[in-house]
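The values are calculated or read from the model by the stated rules, or taken from the named source; none is laboratory data. Every value quoted in this text rests on a predicted model; they were computed, and no experiment measured them. Backbone-built Cβ (ideal geometry, glycine too); neighbour counts: all protein chains shown.
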Amino acid sequence: MYIHYNYQVINLLLITNLIFFFIIVVLMAKLKKTNKAKKVAPEGYESPNDFFNSVFSDKKMIWMGQNTNHLHSDDFISNAMIKCVESKEYCKYPPPEGFPHLQNLILKDLGLEDMDILITAGGTESLYVCISEIVEPHHNVITCDPGYLIIDEFASRFSNEIRSIPIYNEECGYKLTPKLLKKHMDDNTRLVILIDPLNPLGTAYTKEEIEEFALIAEENDLYILHDITYKDFARNHFSIAKYAPNHSITIFSFSKIFGMAGLRIGAVITTSELIDCVRSALINDLGTNLIAQAGAIAALESKPKWIDRIVNTTRSNQRLIKEMVDKIPDISIVAYPSDGNMLAIDIEKTGINPVDLESYLLEKKIFTRRGKYTSKRFGDKYLRVSFSVPENQLKVFIDEFPKAIEELR
Ligand SMILES: Cc1ncc(COP(=O)(O)O)c(C=O)c1O
């Protein structure tokens, strides 16, 4: 009787423990997703949306905080969209995977005519659907720090671990190198994120490095996600898809060189086999905004007419920033020249917190970004500044930045 009673108690305890354990696991899983997605509002604002709305609504604000491009002075893109609006064809749904004409123009732009493509609502959607399809719960994903943290957030929803490799040092050239990849990968590494050029530092990959990454991907049966959002600003660009077509995914955006960030349009390019899987994960099953697609077609068709001017202005703006930075003691550009339309200014030695510098400049109507936005480890060291803005606006920054350092030191 005594023994029988003990068994009952033990069974009851075991069952209660199991239920308790199950509840904790479910709660933690929920907490993991919501915590990761949570964005913090900058000081003085109710929410991130409140902050962005305030910056957006201020017509005098100089927009150097989101790597957007404000140099399109001609009307090719806007005229095409106006024509599309006037046709009132927006009452129809567009083809779900994008207009074939636009798909072909993108593939031609990249020299990847043999690959398959989906038009998406921006590089962001491309990143999310690809990561969600490729990564399984036991996989790890390799990214770098500094980097574009939204990718880490997406990957953390689907994988077991994000291996964010520190690259803020001269030894690796401020980028994730094949050597670093080999050191940190293992049998569970499924996806490697190469942002090329890198947001926020503007470092880009050489042909040899891309070839080496391609080899690693093929030999280890993993995927390289090549985010080429800034490729047209770079002095040289080498597509991993040309070296490892079956182990690469290319993420394309119209937000930067094409100056179409608000239109939310991009693409994903990979093999037909992988596109078949990604297609099933698409949320926008009824297609991407057709006015944006009309603009994107015009953007690619007119590209030869504006690309040189925009790239040259961006580069000359970068030189002006360099001249200004060189005159200020204790600060430096982290990687110069940047191959993107943004760079990072290291201010650690001044003792100034990038958050204070960002706030000071915001008061002067210049929108830049604190390092924390693109780095968990090194965010206290730098301010990110993008410079595809008209020269008169850049000059305001050049005037105000030294004053800000002087004032806050
Ligand atoms: C590396 C990188 N990928 C993707 C994006 C987002 O692209 P899209 O505006 O096309 O969603 C950004 C935006 O800043 C970026 O820096």
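Quick notes on this structure:
- Any hit, segment 220-239, residues being out of contact with any Phe, Trp or Tyr (no Cβ under 9 Å at 6 or more places or on another chain), more than 14 Å from the ligand (Cβ to nearest atom), of a type outside the set (S, T, N, Q) and over 30 Å from Ile297 (Cα atoms): yes
- Qualifying residue in segment 372-387 (condition: crowded, with 19+ Cβ neighbours inside 10 Å, of a type outside the set (D, E, K, R), more than 19 Å from Asp145 (Cα to Cα) and in contact (Cβ under 8 Å) with a residue 60 or more places away in the chain): yes
- Qualifying residue in segment 91-114 (condition: among the β-branched types (Val, Ile, Thr) and within 16 Å of the ligand (Cβ to nearest atom)): yes
- In segment 77-104, the residues that are in a helix (DSSP H, G or I) and buried (at least 18 other Cβ atoms within 10 Å of the Cβ): Ile77, Ala80, Met81, Cys84, Leu102, Gln103
- Of all the listed residues (Ile131, Ile210, Ile117), the sole one being touching a residue at least 12 places away in the same chain (Cβ under 8 Å), in a helix (DSSP H, G or I) and within 16 Å of the ligand (Cβ to nearest atom) is Ile131.
- Test: residue in segment 373-384 that is at negative phi, in a helix (DSSP H, G or I) and within 21 Å of the chain's Cα centre (by Cα): yes
- Residues being among the hydroxyl-bearing types (Ser, Thr, Tyr), over 21 Å from Ile134 (Cβ atoms) and without any contact (Cβ under 8 Å) to a residue 40 or more places away in the chain - total across segment 149-204: 1
- Just one of the numbered conditions (1) part of a helix (DSSP H, G or I); (2) within 19 Å of Phe238 (Cβ to Cβ); (3) within 12 Å of the ligand (Cβ to nearest atom) is not true of Thr124: (2).
- Tally of residues being buried (at least 19 other Cβ atoms within 10 Å of the Cβ), more than 16 Å from the ligand (Cβ to nearest atom) and assigned to a helix (DSSP H, G or I) across segment 150-163: 1
- All positions within segment 385-400 that are part of a helix (DSSP H, G or I) and out of contact with any His (no Cβ under 8 Å at 6 or more places or on another chain): Glu391, Asn392, Leu394, Lys395, Val396, Phe397, Ile398, Asp399, Glu400
- Residue match in segment 227-249 (condition: in the same structural domain as Ile275 (by TED's automatic domain parsing), of a type in the set (Ser, Thr, Tyr) and part of a helix (DSSP H, G or I)): yes
- Residue in segment 376-385 that is under 13 Å from Ile62 (Cβ atoms), of a type outside the set (Asp, Glu) and touching a Gly at 6+ places or on another chain (Cβ under 9 Å) present: yes
- Here Glu46 meets each of (1) over 30 Å from Ser359 (Cα atoms); (2) part of a loop (DSSP other than H, G, I, E, B); (3) among the acidic types (Asp, Glu) with one exception, condition (1).
- Taken over segment 88-109, the criterion of being of a type in the set (A, V, I, L, M, F, W, C) and within 23 Å of Phe154 (Cβ to Cβ) is satisfied by Ile106 alone.
- Of Gly202, Gly266, all but one fail to be within 23 Å of Asn169 (Cα to Cα), buried (at least 22 other Cβ atoms within 10 Å of the Cβ) and in contact with a strand residue (DSSP E or B) (Cβ under 6 Å, 6 or more places away or on another chain); the exception is Gly202.
- Only listed residue being within 16 Å of the ligand (Cβ to nearest atom), of a type outside the set (Ser, Thr, Tyr), part of a loop (DSSP other than H, G, I, E, B) and in the same structural domain as His237 (by TED's automatic domain parsing), chosen from Ile283, Ile269: Ile283
- Residues being within 23 Å of the chain's Cα centre (by Cα) and either surrounded by fewer than 20 Cβ atoms within 10 Å (Cβ to Cβ) or in a helix (DSSP H, G or I) (or both) - total across segment 286-311: 13
- Scope segment 164-197; condition part of a strand (DSSP E or B) and crowded, with 17+ Cβ neighbours inside 10 Å; matching residues: Ser164, Ile165, Thr189, Arg190, Leu191, Val192, Ile193, Leu194, Ile195
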